Amino acid sequence: MKRALLIVLDSVGCGAAPDAADFGDAGADTLGHLFEREGLELPNLAKLGLLEVLDRGESPTLPGAAWARMREKSVGKDTTTGHWEIAGCVLEKPFDTFELFPQDLLDEIGGPFLGNVAASGTEILERLGEEHLKSGYPIVYTSADSVLQIAAHEERYGLKELYELCQRAREVLDQRGIRVGRVIARPFLGDSAASFKRTANRHDYSLMPPETVLNRLQAAGVETIGVGKISDIFAGSGISESHPTKSNADGMAVIERLWREKREQPHLIFANLVDFDMLYGHRRDPAGYAQCLREFDAWLGGFLPEVGEDFLLITADHGNDPYHQGTDHTREQVPLLTLNAPLELLNSEDFTQVARLIAARFGLD
């Protein structure tokens, strides 16, 4: 029985990419700035080579550890683009982005809507949440990423109704040939601007990806198990089973449970831990981001002895430097930390090295 575990630390970048200035991200460095300004220490990630990746000296590493730094080749810095490239698909044409959506598009989706602006998720609730409660109209907004986000109150509007509206938006975009990476349902609760809070019932409706290593693994009889929002990111394509989670802590608990099942079928566990990005990167909260990394590192210290001779990969999909201006992702390189890699790791010009390593682990070309 062969198995592998791939963990994506959402937004944990390690320094501006060479083309970062083209994305308005010159000088961004998520991990570097957190180490320098928050007194961050991550001893268990250091055992896999993190300090070497960051050029912060050397530390004792585990036998079988190997590390590298990867640059994104695809044109973009969003979750979908990063994950698809990790799975072997490089996007040479960026997804479509908007500052506001055409009114005829919104009319076809359903509407009427409030908003139709570029804004952060917390800001838009403060501005329009109370009006949404009065009118019942959902809030539509976007960001620098290729996303159409719809926020609605779970009780006033209804979670089922919000999901159906977002599914309709996905269908309309696809029918029109508009390449928006994700439609995101953003449910929230509360009764005033001071108490509005997004819930864990977010759901992403992604564009269907081209063939990835996940499809090839399935065809070869390897189970592909998504943890967190992985199935959403790939629109279910190439995913044998999905385990949605509500937080990093929940995701780490699910990883442990699945790992300890010791299935007889060859399998890949592919997990996304989103709290770094969603709760702290976009909200520009460096102290919270650093503490979130410490919590993951502490969990990793207890999990590493369970890896044994199996294959572990830890990487990221983009950056989100909490010290950078604005609230958007940052165009950064990402670390790649492994145990028991089947091929030699190289500092690479794209993220597809991850797909090649996973394919090799399961005997695919």
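Using a cutoff of 8 angstrom between alpha carbon atoms and counting only pairs six or more residues apart, the relative contact order for the chain works out to 31 percent. Restricted to Cα atoms, the range 229-303 shows a radius of gyration and a Dmax of 13.9, 43 angstrom. The trypsin sites (Lys or Arg not before Pro) of the range 179-269 that DSSP puts in a loop, and whose beta carbon has at most 15 other beta carbons within 10 Å, are R179, K246, K262, R263.
For the range 189-229, the extents of the C-alpha atoms along the principal axes are 52, 19, 9 Å, listed from largest to smallest. The calculated Kirkwood hydrodynamic radius for the chain is 20.8 Å, given to one decimal from all distinct C-alpha pairs.
Can you give me the C-alpha center-to-center distance between the range 95-128 and the range 293-315, rounded to a whole angstrom? When both Cα centres are located, 40 Å separates them. Helix content alone sets the calculated 222 nm mean residue ellipticity of the chain: runs of n ≥ 4 DSSP H residues at -39500 (n - 2.57) each, divided across all residues, give -9500 deg cm²/dmol. With Cα atoms as the point set, the range 103-206 shows a radius of gyration and Dmax of 12.6, 39 Å.
Distance between the 7 Å Cα→Cβ label points at K262 and Y137: 6.0 nm.
Under a Gaussian network description of the chain, with springs only between Cα atoms under 10 Å, the residue in I178, I86, I255 that fluctuates furthest is I178.
Could I get the Rg over Rh figure for the range 1-131? Both from C-alpha atoms, Rh via Kirkwood, rounded to two places.
Expressed as Rg/Rh, it is 1.08.
The calculated P(r) of the range 130-266, using every Cα pair and 10 Å bins from 0, goes 11, 33, 32, 18, 5, 0 in percent. Placing +1 on each Lys and Arg Cβ and -1 on each Asp and Glu Cβ, with no other charges, gives the chain a dipole about its Cα centre of roughly 640 debye.
Per-peptide packing, taken as the mean over residues of other Cβ atoms within 10 Å, places 32-43, 347-358 in the sequence 347-358, 32-43 from highest down. Farthest towards the positive end of the charge dipole of the chain, among the residues A287, Q325, G111, is the Cα of G111, using unit charges on the Cβ of Lys, Arg, Asp and Glu.
Size of the range 224-365 from its Cα atoms: along the principal axes, largest to smallest, the extents are 46, 33, 32 Å. Under a model in which nothing but the beta-carbon of Lys, Arg (+1) and Asp, Glu (-1) is charged, the range 103-206 shows a dipole of about 240 debye around its Cα centre.
To the nearest ten degrees, helix 286-303 and the longest principal axis of the Cα atoms of the chain are 40 degrees apart.
Throughout, read-outs are computed from the coordinates displayed, never taken from laboratory work. Worth saying up front: this structure is predicted, and the values here are computed from it rather than measured. For neighbour counting, all protein chains shown are included, and Cβ atoms are generated from backbone atoms with ideal geometry for every residue, glycine included.
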